[in-house]
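Below is one structure, written out as structure tokens; comments come after it.
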Amino acid sequence: MASSSGRRPGAGPGGGEPSSTPAPASGGRRILRTQTAGNLGESIFDSEVVPSSLVEIAPILRVANEVEASNPRVAYLCRFYAFEKAHRLDPTSSGRGVRQFKTALLQRLERENDPTLKGRVKQSDAREMQSFYQHYYKKYIQALQNAADKADRAQLTKAYQTAAVLFEVLKAVNVSQKIEVDQAILETHNQVEEKKKLYLPYNILPLDPDSAANQAIMRYPEIQASFHALRNTRGLPWPKDHEKKDDADLLEWLQALFGFQKDNVSNQREHLILLLANVHIREMSKPDQQSKLDDHALDIVMKKLFKNYKRWCKYLGRKSSLWLPTIQQEVQQRKLLYMGLYLLIWGEAANLRFMPECLCYIYHHMAFELYGMLAGNVSPTTGENVKPAYGGAEEAFLKKVVTPIYKIIEMEAERSKTMKSKHSHWRNYDDLNEYFWSRDCFRLGWPMRADADFFKTPNFVLNPRDQTNGEHRPAGNDHWMGKVNFVEIRSFWHIFRSFDRMWSFLILSLQAMVIVAWNGGTPGDIFDAGVFKQVLSIFITAAVMKMGQAILDIVLSWKARRSMSLAVKLRYILKLLSGAAWVVILPVTYAYTSDNPTGLNRTIKSWFGDGRNQPSLYILAVVIYLSPNMLAATLFIFPVLRRFLEKSNLKVVALIMWWSQPRLFVGRGMHEGAFSLFKYTMFWVVLLATKLVVSFYVEIRPLVQPTKDIMKVPITTFQWHEFFPHAKNNIGVVIALWAPIILVYFMDTQIWYAIFSTLVGGIYGACRRLGEIRTLGMLRSRFESLPKAFNDHLIPNDSKRRGFRSAFSSKPYKKPEDGKEEDKIAARFAQIWNLIITSFRQEDLIDNRGRRTCYLFHTARIVKWI
């Protein structure tokens with residue numbers, strides 16, 4: 001596992017990290033590591049094509065290539081030292097491509113030894129290296145240091161790194177020849193090492209003392225304001241064993257306390273400065289007010305960074321750890337510390353970034369420790385001042401916080417690859433992250449307990465009866481946490497469960513249409529009292545399907561029962577009991593409404609009275625049964641209200657919303673606007689209305705009368721008496737008659753959807769003029785009209801239109817134009833366009849080539865791109 005820091009201590013000249021990927025040599029063909037030693041060219045010794053196990057010698061070979069033109073003997077000594085170091089790193093040449101690389105390098109050294117030895121100026125290799133080192137220092141480093149502008153920081157950084165490599169080779173050569181290094185060279189090397197620590201690789205902002213005063217990007221007021229705000233370390237309690245630097249900032253203080261990586265601190269320092277500077281320049285438009293970091297800009301960045309963290313705290317009912325001091329002068333420093341801590345955690349989290357709520361948990365405790373240290377709180381257990389739980393040792397955060405969680409992710413991923421287990425037997429990023437959606441996550445503690453359920457993995461055993469099918473089952477004595485909210489079960493029942501509303505609607509509509517067609521054949525017959533009463537029986541069917549849906553939910557979620565919370569289990573049980581109760585209540589109350597009840601229906605009716613002069617009990621039961629659906633319809637009509645209720649953390653609201661769906665941290669309040677919802681609803685209303693009308697008149701009603709005639713024909717001898725032993729009608733013919741129509745009825749919704757989506761999409765595309773430009777020639781012709789359109793819509797007219805209607809008219813004013821006016825319009829557009837492109841280049845949105853391509857020039861009413 002590697003941290004997310006983008007820098008390495010062994011970076012080569014120019015700030016790049018040594019890479020094991022082959023790169024094309026200048027003026028030659030790219031040589032791959034898989035080639036044999038017999039066909040290796042000279043470019044194999046480039047620092048970019050060394051084997052991955054010998055990456056440490058890459059800077060040495062890079063320096064050898066650079067100095068070969070000026071002193072071949074020094075280049076030879078550098079390659080010889082690289083060979084010795086490679087042999088120490090991999091003595092047995094067991095790494096991939098190491099044997100071929102070392103063989104080719106040795107052959108080249110044997111071939112170049114005599115020619116370079118003859119060209120040596122000094123008497124020994126040690127003297128030659130010392131002479132060249134002094135020459136390189138005077139010619140490159142001193143010359144760049146004495147430059148007036150010191151603008152070329154990249155060359156100076158590269159020169160320091162090259163000088164460090166040359167001294168390493170020089171020292172090795174002197175040791176082999178038993179010659180001591182001159183004191184002058186040692187002093188020079190000490191100066192180089194001190195400067196090398198300052199001139200570190202950077203991404204965008206060179207933050208070393210020399211570059212901060214000389215580089216152009218560091219002279220921007222917004223950059224200076226953010227830079228100086230981070231340097232405010234006044235009042236911070238530094239660790240006793242830490243040596244404070246003169247240029248120390250807030251992020252370095254956080255590194256000393258929590259043990260973040262040095263390169264991560266450098267990356268996030270640039271990151272935070274650029275975030276603050278970008279918002280600061282937008283909020284403070286006046287240049288004379290940009291010397292100090294704006295508090296409003298600081299609040300904007302802080303709000304964006306901690307948006308998810310604050311939502312997480314509210315969701316769990318916990319107070320955030322973002323405590324601000326009462327002294328106004330310390331507020332800005334405290335906010336910067338909170339933001340810096342969050343970015344340092346995020347920058348070093350590696351794959352934990354796929355678990356945002358896990359990062360919120362880590363930050364919650366570390367920010368509380370930060371507040372305790374700044375407030376001088378005393379630990380109740382130790383009686384001393386509060387200190388970080390994991391200490392401030394080097395890379396403490398990576399080793400003690402990130403690594404244990406990453407190991408769990410790694411083990412779960414390996415088990416998902418190697419074991420023939422089901423989805424319920426292993427966890428992925430989402431499953432581990434969902435653990436932090438509940439207050440139970442605080443049982444993990446801080447520092448995190450190694451024996452917590454979160455860090456345990458199941459001990460899968462292979463039962464003898466499962467060896468044939470290769471299925472592994474968890475042992476019963478472990479405390480594996482398992483899945484939290486969702487367990488995937490591959491079943492064809494998902495077709496019905498995922499589209500339950502569509503299936504229910506089609507079945508209930510089919511029942512209602514069959515009843516209407518059977519009792520008259522026209523939609524107007526539904527207003528008949530008897531027909532309407534029969535149509536109301538669809539709610540009994542709906543109750544039966546609702547209970548089936550509750551049973552299906554339990555079956556599909558059965559494998560998540562061990563990790564399922566009590567509230568979710570209770571919801572499934574109540575759903576099932578409610579469905580079973582309505583399956584009993586609705587048929588009983590429906591029978592109660594009959595005019596001539598018998599048996600149990602008569603007894604039930606006697607309990608509630610005759611019922612002739614009071615509202616129907618069945619209607620009352622239906623209203624109560626549909627009350628949750630009425631609430632859902634109200635929330636559907638008013639998405640703003642639903643969004644508010646889903647985002648609310650009130651217990652009463654959570655209880656109401658709990659019945660419709662389990663409460664989750666993500667996905668709350670994600671609804672379309674009212675107008676988009678209206679368009680979506682009208683599309684489906686028209687589609688389903690058309691489908692039902694066609695199905696009623698074309699599919700269902702024509703079959704009613706033939707069915708009645710078939711049912712009237714008596715059967716005397718029935719050959720299939722095994723299937724229908726007591727049949728008095730030809731029910732088999734009726735089933736054969738209705739079966740294909742029922743299949744078509746359920747399947748033609750997709751056909752109607754294809755028709756309507758094509759029509760609506762075509763009309764929408766025509767209104768938006770999609771596809772109007774079909775060729776490149778048409779595209780070029782549209783650019784010719786761009787200056788005129790720009791002038792009509794964005795340039796104010798010289799002569800104002802009068803009248804009330806013109807004040808509210810959206811159409812641009814058009815006046816007669818002659819040749820001079822068209823030339824004036826073209827020139828005006830070209831000038832404004834070039835200013836826009838120039839601003840794009842200044843903000844680094846495009847490069848120089850893009851700027852040259854997008855520039856315009858005009859001549860005699862013609863606007864052309866360069």
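The values are calculated or read from the model by the stated rules, or taken from the named source; none is laboratory data. Not measured: the values here are computed from a predicted model. Note: ideal-geometry Cβ built from the backbone for every residue, glycine included; neighbour counts use all protein chains shown.
Worth a mention:
- Long-range neighbours under 9 Å by Cβ, at least six apart or interchain, first residue assigned by TED's automatic domain parsing to the domain that holds A830 within region 774-786, second assigned to a helix (DSSP H, G or I) and at pLDDT 80 or above: L786/F829; L786/W833
- Residue match in region 148-157 (condition: more than 30 Å from I217 (Cα to Cα), within 52 Å of the chain's Cα centre (by Cα), in contact (Cβ under 8 Å) with a residue 40 or more places away in the chain and not in a helix (DSSP H, G or I)): no
To keep it simple, each residue is scored yes or no on (1) assigned to a helix (DSSP H, G or I); (2) under 27 Å from F436 (Cβ atoms).
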| position | (1), (2) |
| --- | --- |
| I281 | yes, no |
| K292 | no, no |
| Y315 | yes, yes |
| S320 | no, yes |
| P325 | no, no |
| N351 | yes, yes |
| E357 | yes, yes |
| Y361 | yes, yes |
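Results for (1) closer than 22 Å to I57 by Cα; (2) within 50 Å of the chain's Cα centre (by Cα); (3) among the hydrophobic types (A, V, I, L, M, F, W, C), shown as yes or no for each residue.
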{"position": "L105", "(1), (2), (3)": "yes, yes, yes"}
{"position": "E110", "(1), (2), (3)": "yes, no, no"}
{"position": "K118", "(1), (2), (3)": "no, no, no"}
{"position": "A126", "(1), (2), (3)": "yes, no, yes"}
{"position": "Q130", "(1), (2), (3)": "yes, no, no"}
{"position": "Q134", "(1), (2), (3)": "no, no, no"}
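- Qualifying positions in region 756-771 - touching a helix residue (DSSP H, G or I) at 6+ places or on another chain (Cβ under 9 Å) and surrounded by 12 or more Cβ atoms within 10 Å (Cβ to Cβ): F756, S757, V760
- Count of residues meeting criterion [modelled with pLDDT under 65, polar (S, T, N, Q) and surrounded by 10 or more Cβ atoms within 10 Å (Cβ to Cβ)] in region 578-602: 1
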